[in-house]
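Notes to accompany the following structure.
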Amino acid sequence: MSNATQTLEHPTEKAMSKLDELRAAEFKLLLETYERNPILFERGEGVHLIDENGVRYLDLLSGIGVNALGYAHPAIEKAIAEQSRKLIHLSNLYYHGGQAAVALRLTEATGMDRAFFANTGTEANEAALKLARAYAKLKRSEGVQLGTKFLALENSFHGRTMGSVAATWKDKYREPFDPVMPGVEFVRFNDVDDLKSKFSTEFCAILVEPIQGEGGIRPMSHEFLETARDLTRSTGALLIADEIQSGMGRTGKWCAYQHYGVLPDVTTLAKPLAGGIPLGAMLCTEDAARAIHAGMHGTTFGGGPLACAVALAVIDTIEREHLMDHVTDVGTYFREQLAQLAKKHDAIVDVRGLGLMLAIELDSADLAKTVLAEMMKRKILINRTSEAVLRFLPPFILQNEHADQAVAALDEILTEQPAAHASATPLTGGKKIGQ
């Protein structure tokens, strides 16, 4: 028995709750990478998480956009049970039936031609970056002048590996690990003139999130995405769409770029793809796929039998239950209610997003912290990103009544805050709300 365990179980110690014991053990044993909220969840049902005392919380974050079908969904339970009795893991040195089946569904849904399966979003983005560099090398061998640099966007977030973090804009993600991968430059978000002035044949790819997630749920303008597409076509560079957070139906379409009528060369998916089982995918066109051959890239766990079986169940459920239509309907209702709330409270400076990828921006980070804590007291889970932005990424099975519950709680909290209460106006106000 470890010293940590002996200390926790010592008979002279004051009795500790299960949560206290867990926090003490993690403090001694885990790398301090997270600031966890002091709640111990033990199970979930539908759109609710349930803690150790049986208290139910409305989950409007869904594991940061992962649990699209909510908790304890029978389709996921069935897929896990059936596949676990057959094969859980198989080396990519051999065939199993899952990868081709999932690849077919994803390529048909996204307009892409080929797939590579990884474990996570950052690994999918890493594969996309490697593909872009390899593709540029191939194009140079064919006489096309194409460099090795990447153009990414301010406020971007693409992951935690050394390549994807290099394309992530905020210094706090990159500076602790300097020097990160060189050759990445940033353009101002939705600034078409800045994009045009910075792009050149030195770049092998432009990397975009059609709707920025960690950056504050910021939808890209049609003009900006169309310009990025035109610029990359003019030189032969690749347009990479990071759909890790916005993909798999969260905006009411399989990918957010489908709202724009713009087809990228590469897209990346993860988060809800396998219903909570780790799975990421890098999808690309046939032309881009020419740059990769056997031995250039790989993974031990990516695209395993269990993950693929669950991914098929997730895709089947989204289609069978018409969940993207539901996401559109409930998302529209939720956003309308948030917009009405913004007319009442001047502390809300913007409401934006699409489908069930929504946010409200408040006028201060301190207020956002307060609202987050007060929502948790009311047993509603959201999170804060980009300092003053409250983010909503609920399960796709959310109902209007759940949106009403969240909006009522926000209204109560903002009314109670001194600054918000002083500036509260009637619901007939005329504040302009962004995308």
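Read-outs: derived from the displayed coordinates by stated rules, not from any lab. A quick note: this is a predicted structure, and the numbers were derived from the prediction, not measured. Heads up, the Cβs are rebuilt from the backbone with ideal geometry, glycines too, and the neighbour counts pull from every protein chain shown.
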For Phe396, enumerate residues with amide H under 5 Å from its amide H, sequence gap 5+ or separate chain, H modeled in the peptide plane. Leu69, Gly70
Tabulate in residue order the Karplus-calculated ³J(HN,Hα) for segment 173-178, using 6.51 cos²θ - 1.76 cosθ + 1.60 with θ = phi - 60°, rounded to whole Hz; enter x for Gly and Pro. 7, 9, 4, x, 10, 4
Amide H to amide H, which residues 5 or more places from Val349 or on other chains are under 5 Å from it, using H placed in the peptide plane? Glu361, Leu362, Asp363
Rounded to the angstrom and largest first, Cα extents along the principal axes for segment 75-320 equal 56, 37, 37
Could you please report the charge total around Phe224, scoring K, R as +1 and D, E as -1 over all other residues with beta-carbon less than 14 angstrom from its beta-carbon? -3
Short version: ³J(HN,Hα) in whole Hz for each residue of segment 187-194, in order, from phi by Karplus 6.51 cos²θ - 1.76 cosθ + 1.60 (θ = phi - 60°), x for Gly and Pro, what are they? 10, 5, 4, 6, 9, 5, 5, 5
Quick check: net charge around Ile50, other residues with Cβ under 13 Å of its Cβ, Lys/Arg +1 and Asp/Glu -1? -2
With 10 angstrom as the radius, rank Ser221, Ser62 by how many other C-beta atoms surround their C-beta, starting from the fewest. Ser221, Ser62
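Would you please name the GluC sites (Glu not before Pro) within segment 266-344 that are DSSP coil residues with at most 16 other C-beta atoms within 10 Å of their C-beta?
Counting only loop positions with at most 16 other Cβ atoms within 10 Å, the GluC sites (Glu not before Pro) in segment 266-344 are Glu321.
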Using a Gaussian network model on the chain with a 10 Å cutoff between Cα atoms, which of Ile315, Ile413, Ile277 fluctuates the most? Ile413
Of the residues Pro272, Pro182, Pro38, which exhibits the maximal mean-square fluctuation in a Gaussian network model of the chain defined by a 10 Å Cα contact cut-off? Pro38
Most exposed to least, judged by fewest other Cβ atoms within 10 Å, Lys137, Lys344, Lys377 sort to Lys377, Lys137, Lys344
Using alpha carbons only, how many angstrom separate the centre of segment 153-220 from the centre of segment 46-99? 31
Cβ-based exposure ranking for Ser200, Ser91, in which fewest neighbours within 10 Å come first: Ser91, Ser200
At most 12 other Cβ atoms within 10 Å and a DSSP loop assignment: could you name the GluC sites (Glu not before Pro) in segment 22-54 that fit? Glu32, Glu35
